[in-house]
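S.K.: I have a structure I would like to understand better, so I am pasting it below and will then ask my questions one at a time.
The values are calculated or read from the model by the stated rules, or taken from the named source; none is laboratory data. Predicted, not measured: the structure shown is a model, and the values here were computed from it. Accessible surface areas use protein heavy atoms only, side chains included; no ligands, DNA or RNA. Shrake-Rupley method; radii C 1.70, N 1.55, O 1.52, S 1.80 Å.
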Amino acid sequence: MTPKRRKWVVVAAVAAAVGVGVVLVVLSFPIAQEGSGDQLVNGRLYSFEAESLFGGPPWQNYSYLGVTFGFHLWCAINPAAGLVCGNATASGGPSYPYGFWDRAELNPSWQTWVSPNGHDAVEYRTGGLVHLLVEG
């Protein structure tokens, strides 16, 4: 390899390492917390409460309008993403599992899970922001 080519390979490797480092630093900052509100999902009206999962313990539980939402960070990890999983359990009702992939994205979109009975739902956005949704 010529010295000029070796120089460009080193520059490219350093640039890639810096890029990965910047992405990891950005993902470590908590996403701005939202409050609560109402939202339409699949034609149904839900009340929601926003929570930020990162920065806390790996197992977290939140109660909202009679539903307990449990989250486990990280159920699985691969080189491209980590899996956030959990369960939604209505008071005296069944428990339904859900899971979301958290991956490096410049403009992350919401991933939505709706329970089979439609009573509760979860929206997840890369970076650990969730909406806990309960029909009401």
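S.K.: Given a 1.4 Å probe, how much area per residue of segment 54-118 is accessible, in Å²? Before the final figure, lay out the partial values.
M.R.: Numbers: 3720 Å² over 65 residues.
I get 57 Å² per residue for segment 54-118.
S.K.: If you don't mind, another one. Compute the whole-percent fraction of alpha carbon pairs in segment 62-120 spaced more than 20 Å apart.
M.R.: 33
S.K.: Please report the carbon-and-sulfur percent of the accessible area for segment 62-113; probe 1.4 Å, protein heavy atoms only, DNA, RNA and ligands left out.
M.R.: Heavy-atom surface of segment 62-113 belonging to carbon and sulfur, 1.4 Å probe: 56 percent.
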